[in-house]
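Notes follow once the structure below has been shown.
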Amino acid sequence: MNKIIKYTFLLLVVFITSCNSFLEPKSQSEFVPQLIQSLDELLLGEAYMGPGLNDGRFFSVLGVFDDDVSIRPNWKAESSEEGKVKQIRLAYSWSKDMKDQFSNYNTYAEVYKKILGCNSVLDYMDDVQGSEQAKNKVMAQALALRGYFYLHLVNLYGKPYSADKNALGVPLKLTSEMGTSGMPRNTVKEVYEQIIKDLLEAESLFKSLPASEQNLRNNRINLPCTQLLLSRPYLYMEEWEKSVTYAEEVINQYDYDILDLNTIAEPNPYNSPAYMNYYTWSNPEVIFLFGNQADVCELPLTRITCVEESKPGQINYKSYVPVIASESLINTFDKNDLRKTHYLIWEEIDYNGTPVYRQPTSKYDVQRRYKIEYRYERGVWGTAFKVTEAYLNAAEAAAMLYKENNQSEYRTKAQTLIDALRIKRFSQTTYKPTTISEGEQLVSFIRDERRRELCFENHRWFDLRRYGMEEIKHTWYDTSGEPIEYILEKNDPGFTLQLPNEAFEHNSSLVQNEPRK
């Protein structure tokens with residue numbers, strides 16, 4: 001039976017790509033796709049993000065939540081910049097007022113637009129012309145992306161699975177049909193079950209394709225990325241065996257490799273570019289690229305015009321990024337760890353060439369600007385799915401199995417996996433294999449490795465949630481230099497974002513999360 005997308009709904013779904021390029025008009029209010037190529041174009045325009053596509057608001061809200069960031073103490077914002085300062089402060093303090101006053105807060109709507117694009121493609125699949133192989137290829141992408149989008153949503157707006165899987169998650173909207181009544185929130189468990197279902201079906205469809213079509217590096221999600229994504233929710237759900245299985249599929253079945261930092265030239269902040277870009281298809285670690293650097297970096301790299309009094313009566317204006325990499329993060333790196341030089345980007349240096357502050361981003365192609373000022377680039381990939389995450393997922397899950405079962409094969413597996421990464425992160429003269437044998441210590445060590453390796457890649461906040469939502473402290477400095485401490489207490493409601501106000505405008509069945517006190 002033909003499915004019809006009403007024009008009013010289509011305006012919500014077709015957010016960027018003009019509908020006239022791929023949908024044949026039946027009347028002024030109805031459009032019907034004819035070919036599988038039409039759905040492929042719809043998917044590209046509505047579900048993918050990247051250079052030249054919609055910036056979105058997927059990641060910027062995450063940039064100042066965790067313990068990898070802090071605030072520089074030596075800045076005084078110029079009065080005209082107070083609006084920018086307020087946005088940073090709201091997120092940095094996990095304020096209960098974020099949903100009312102933070103302009104980049106509504107990730108909820110942006111992600112659901114992408115989900116609606118996936119749903120539209122899936123709903124039309126039986127009604128378009130095309131080979132089974134072509135349909136399976138498009139369906140696999142739509143399902144894999146929908147699974148990823150729901151994983152992102154439920155980890156922002158629902159409690160961690162390990163804390164309360166029966167808590168409210170987000171509504172599961174699985175069709176493009178316009179409903180006449182509101183949709184209540186599904187539980188975290190129900191959302192995760194749908195995520196796994198979508199990803200498993202996507203994996204099966206990818207495997208039905210010829211081998212040459214399963215692992216394309218063509219800006220489209222593929223089979224190994226789908227398997228990497230499966231290892232992630234299984235890790236969050238503490239289904240350790242399954243997480244190991246899927247992560248090792250990615251490691252063992254494909255030709256991805258860990259980039260040896262010994263082969264990369266030392267960054268030079270006085271050159272342009274000063275730091276290399278790791279988010280390119282030439283990086284042997286990269287499985288799939290997604291998103292836009294502007295979205296990831298917009299909030300943490302917000303630049304503020306500040307007032308400085310160089311001497312009595314003489315006022316100067318200087319541009320600062322108030323958010324910096326935290327000492328907590330910097331101090332986790334061993335002095336011989338090459339990542340400390342390659343991943344932690346200098347924001348400011350002293351006269352001896354020693355870093356004073358490091359910027360709260362990593363692994364991007366940093367162009368030198370006036371003095372040592374760096375700015376994010378539009379039209380550049382912002383998020384990478386890499387084989388390094390597979391090693392970390394599998395190592396942590398194996399360490400947890402060892403901790404719980406005390407079986408030596410899991411300890412050996414965890415050590416082997418983490419050492420395969422670490423040997424590429426230290427010089428051959430300083431590298432030492434992992435010898436930790438106590439379960440809790442091994443888990444802690446691997447999680448610290450995860451923090452170092454994936455710094456500023458939008459993993460840390462979700463990891464802190466699943467580790468047990470331990471207390472986080474952020475220190476803010478006002479314009480007089482006085483410190484103000486903000487504390488996110490253990491199991492604080494602030495670990496779960498409140499739904500944005502806009503979500504309630506068209507869905508009367510929603511219930512709000514518990515607010516912070």
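Considering each residue of the stretch 216-248, count those that are modelled with pLDDT of 95 or more and either polar (S, T, N, Q) or at positive phi (or both), and give that number.
Count: 7.
Looking at the stretch 192-236, which of its residues are among the aromatic types (Phe, Trp, Tyr) and free of Cβ contacts under 8 Å to residues at least 60 places away in the same chain?
Our first condition is that a residue be among the aromatic types (Phe, Trp, Tyr); within the stretch 192-236, this holds for 192, 206, 234, 236.
Matches in the stretch 192-236: TYR192 only.
Residues of the stretch 259-274 being of a type in the set (Val, Ile, Thr) and open to solvent by less than 10 Å² (accessible area, probe 1.4 Å), which ones? Walk me through it before giving the result.
Applying the first criterion (of a type in the set (Val, Ile, Thr)) to the stretch 259-274 yields 263-264.
Within the stretch 259-274, no residue meets the criteria.
Of the numbered conditions (1) under 25 Å from the mean Cα position of the chain (by Cα); (2) open to solvent by less than 40 Å² (accessible area, probe 1.4 Å), ASN507 fails exactly one; give the number of that condition.
(1)
How many of the residues making up the stretch 275-313 are open to solvent by 10 Å² or more (accessible area, probe 1.4 Å), in a loop (DSSP other than H, G, I, E, B) and in contact with a helix residue (DSSP H, G or I) (Cβ under 6 Å, 6 or more places away or on another chain)?
Number satisfying all stated conditions: 2.
Are any residues in the stretch 409-435 polar (S, T, N, Q) and over 22 Å from ILE264 (Cβ atoms), and if so, which ones? If you could, list the steps in order and put the result at the bottom.
The first filter runs over the stretch 409-435 and keeps only residues polar (S, T, N, Q), leaving 412, 415-416, 427-430, 434-435.
Listed by number, the residues that qualify are THR412, GLN415, THR416, THR434, THR435.
Under the condition of being in contact with a Ser or Thr (Cβ under 8 Å, 6 or more places away or on another chain) and more than 11 Å from ASP66 (Cβ to Cβ), which residue from the stretch 443-456 is surrounded by the fewest Cβ atoms within 10 Å (Cβ to Cβ)?
Applying the first criterion (in contact with a Ser or Thr (Cβ under 8 Å, 6 or more places away or on another chain)) to the stretch 443-456 yields 445, 448, 451-456.
Applying the additional criterion that residues be more than 11 Å from ASP66 (Cβ to Cβ) yields 445, 448, 452-454.
Working: PHE445: 18, ASP448: 12, ARG452: 20, GLU453: 22, LEU454: 20.
Per the criteria, the residue is ASP448.
Starting from residues that are surrounded by fewer than 21 Cβ atoms within 10 Å (Cβ to Cβ) and within 26 Å of the chain's Cα centre (by Cα), keep the ones in the stretch 402-421 and report whichever is nearest to THR341 (Cα to Cα).
First pass over the stretch 402-421, keeping only residues surrounded by fewer than 21 Cβ atoms within 10 Å (Cβ to Cβ): 403-409, 412-413, 416, 419-421.
Then drop every residue that is not within 26 Å of the chain's Cα centre (by Cα), which leaves 419-421.
Details: ASP419: 20, ALA420: 20, LEU421: 17 Å.
In this case the residue turns out to be LEU421.
For the stretch 151-159, state whether one or more residues are modelled with pLDDT of 95 or more, farther than 18 Å from PHE495 by Cα and not polar (S, T, N, Q).
Here is the first cut: in the stretch 151-159, the residues modelled with pLDDT of 95 or more are 151-159.
The next check asks that each one be farther than 18 Å from PHE495 by Cα; those that pass are none.
No, every residue in the stretch 151-159 fails to be modelled with pLDDT of 95 or more, farther than 18 Å from PHE495 by Cα and not polar (S, T, N, Q).
Restricting to the stretch 457-467, count the residues that are open to solvent by 30 Å² or more (accessible area, probe 1.4 Å) and not hydroxyl-bearing (Ser, Thr, Tyr). Spell out how you get there, then give the answer.
First, pick out the residues of the stretch 457-467 that are open to solvent by 30 Å² or more (accessible area, probe 1.4 Å): 458, 460, 467.
So of that shortlist, the ones also not hydroxyl-bearing (Ser, Thr, Tyr) come out as 458, 460.
So the count comes out to 2.
Determine, yes or no, whether GLU132 is in contact with a Leu (Cβ under 7 Å, 6 or more places away or on another chain), charged (D, E, K, R) and open to solvent by 20 Å² or more (accessible area, probe 1.4 Å).
Criteria not met by GLU132.
Looking at the stretch 171-191, which of its residues are under 18 Å from GLY117 (Cβ atoms), hydrophobic (A, V, I, L, M, F, W, C) and touching a residue at least 40 places away in the same chain (Cβ under 8 Å)?
Going through the stretch 171-191, the residues under 18 Å from GLY117 (Cβ atoms) turn out to be 171-179, 183.
Remaining after also requiring hydrophobic (A, V, I, L, M, F, W, C): 172, 174, 178, 183.
Of everything in the stretch 171-191, those that are under 18 Å from GLY117 (Cβ atoms), hydrophobic (A, V, I, L, M, F, W, C) and touching a residue at least 40 places away in the same chain (Cβ under 8 Å) turn out to be LEU174, MET178, MET183.
Give just the number: which of (1) under 28 Å from ARG466 (Cα atoms); (2) surrounded by fewer than 19 Cβ atoms within 10 Å (Cβ to Cβ) does ASN316 not satisfy?
The single condition ASN316 does not satisfy is (1).
In the set GLU470, GLU502, GLU440, which member is modelled with pLDDT of 95 or more, within 30 Å of VAL85 (Cβ to Cβ), surrounded by fewer than 16 Cβ atoms within 10 Å (Cβ to Cβ) and charged (D, E, K, R)? Don't jump to the end; show me each part of the working.
Working: GLU502 fails: modelled with pLDDT of 95 or more; GLU440 fails: within 30 Å of VAL85 (Cβ to Cβ).
That would be GLU470, the only listed residue that is modelled with pLDDT of 95 or more, within 30 Å of VAL85 (Cβ to Cβ), surrounded by fewer than 16 Cβ atoms within 10 Å (Cβ to Cβ) and charged (D, E, K, R).
Can you find even one residue in the stretch 346-361 that is open to solvent by less than 60 Å² (accessible area, probe 1.4 Å), modelled with pLDDT of 80 or more, more than 22 Å from THR475 (Cβ to Cβ) and not β-branched (Val, Ile, Thr)?
no
Of the residues that make up the stretch 68-85, is at least one open to solvent by less than 10 Å² (accessible area, probe 1.4 Å) and within 15 Å of the chain's Cα centre (by Cα)?
Looking for residues that are open to solvent by less than 10 Å² (accessible area, probe 1.4 Å) and within 15 Å of the chain's Cα centre (by Cα), one finds at least one in the stretch 68-85, hence yes.
How many of the residues in the stretch 179-206 are over 21 Å from PRO160 (Cα atoms) and either open to solvent by less than 10 Å² (accessible area, probe 1.4 Å) or in contact with a strand residue (DSSP E or B) (Cβ under 9 Å, 6 or more places away or on another chain) (or both)?
Filtering the stretch 179-206 down to residues over 21 Å from PRO160 (Cα atoms) leaves 179-183, 200-206.
Applying the additional criterion that residues be either open to solvent by less than 10 Å² (accessible area, probe 1.4 Å) or in contact with a strand residue (DSSP E or B) (Cβ under 9 Å, 6 or more places away or on another chain) (or both) yields 202, 206.
Count: 2.
When you go through (1) in a loop (DSSP other than H, G, I, E, B); (2) of a type in the set (Lys, Arg); (3) within 21 Å of LEU329 (Cβ to Cβ) one by one for LYS517, which number turns out not to apply?
Only one criterion is unmet by LYS517, namely (3).
Looking for something without any contact (Cβ under 8 Å) to a residue 12 or more places away in the chain and in contact with a helix residue (DSSP H, G or I) (Cβ under 9 Å, 6 or more places away or on another chain) - is there at least one such residue anywhere in the stretch 260-270?
No, there is no match, as no residue in the stretch 260-270 is without any contact (Cβ under 8 Å) to a residue 12 or more places away in the chain and in contact with a helix residue (DSSP H, G or I) (Cβ under 9 Å, 6 or more places away or on another chain).
TYR148: buried (at least 20 other Cβ atoms within 10 Å of the Cβ), at negative phi and out of contact with any helix residue (DSSP H, G or I) (no Cβ under 6 Å at 6 or more places or on another chain), yes or no? If you could, list the steps in order and put the result at the bottom.
On the way: buried (at least 20 other Cβ atoms within 10 Å of the Cβ): yes; at negative phi: yes; out of contact with any helix residue (DSSP H, G or I) (no Cβ under 6 Å at 6 or more places or on another chain): no.
Considered against the rule, which asks whether it is buried (at least 20 other Cβ atoms within 10 Å of the Cβ), at negative phi and out of contact with any helix residue (DSSP H, G or I) (no Cβ under 6 Å at 6 or more places or on another chain), TYR148 comes out as no.
Report yes if some residue within the stretch 45-63 is β-branched (Val, Ile, Thr), open to solvent by less than 10 Å² (accessible area, probe 1.4 Å) and modelled with pLDDT under 90; otherwise report no.
Filtering the stretch 45-63 down to residues β-branched (Val, Ile, Thr) leaves 61.
Subset that is open to solvent by less than 10 Å² (accessible area, probe 1.4 Å): 61.
Now drop any that are not modelled with pLDDT under 90, which leaves 61.
Yes: one or more hits.
Can you find even one residue in the stretch 479-489 that is open to solvent by less than 20 Å² (accessible area, probe 1.4 Å) and in contact (Cβ under 8 Å) with a residue 12 or more places away in the chain?
Initial filter on the stretch 479-489 (open to solvent by less than 20 Å² (accessible area, probe 1.4 Å)): 488.
Add one more test, that the residue is in contact (Cβ under 8 Å) with a residue 12 or more places away in the chain, and what stays is 488.
Looking through the stretch 479-489, at least one residue is open to solvent by less than 20 Å² (accessible area, probe 1.4 Å) and in contact (Cβ under 8 Å) with a residue 12 or more places away in the chain.
Just checking, which of GLU201, GLU248, GLU190 is of a type outside the set (A, V, I, L, M), part of a helix (DSSP H, G or I), farther than 25 Å from LEU156 by Cβ and more than 19 Å from the chain's Cα centre (by Cα)? Spell out how you get there, then give the answer.
Details: GLU201 fails: farther than 25 Å from LEU156 by Cβ; GLU190 fails: farther than 25 Å from LEU156 by Cβ.
Among GLU201, GLU248, GLU190, only GLU248 is of a type outside the set (A, V, I, L, M), part of a helix (DSSP H, G or I), farther than 25 Å from LEU156 by Cβ and more than 19 Å from the chain's Cα centre (by Cα).
I'd like to know if the stretch 325-335 contains one or more residues that are among the basic types (Lys, Arg) and either surrounded by 16 or more Cβ atoms within 10 Å (Cβ to Cβ) or more than 30 Å from ASP478 (Cα to Cα) (or both).
Applying the first criterion (among the basic types (Lys, Arg)) to the stretch 325-335 yields 335.
Applying the additional criterion that residues be either surrounded by 16 or more Cβ atoms within 10 Å (Cβ to Cβ) or more than 30 Å from ASP478 (Cα to Cα) (or both) yields 335.
Yes - at least one qualifying residue is present in the stretch 325-335.
The values are calculated or read from the model by the stated rules, or taken from the named source; none is laboratory data. All values derive from a computational prediction rather than experimental measurement. Virtual Cβ from ideal backbone geometry, glycine too; neighbours counted across all protein chains shown. We work out accessible area using only protein heavy atoms, side chains counted, and drop any ligands, DNA or RNA first. Shrake-Rupley method; radii C 1.70, N 1.55, O 1.52, S 1.80 Å.
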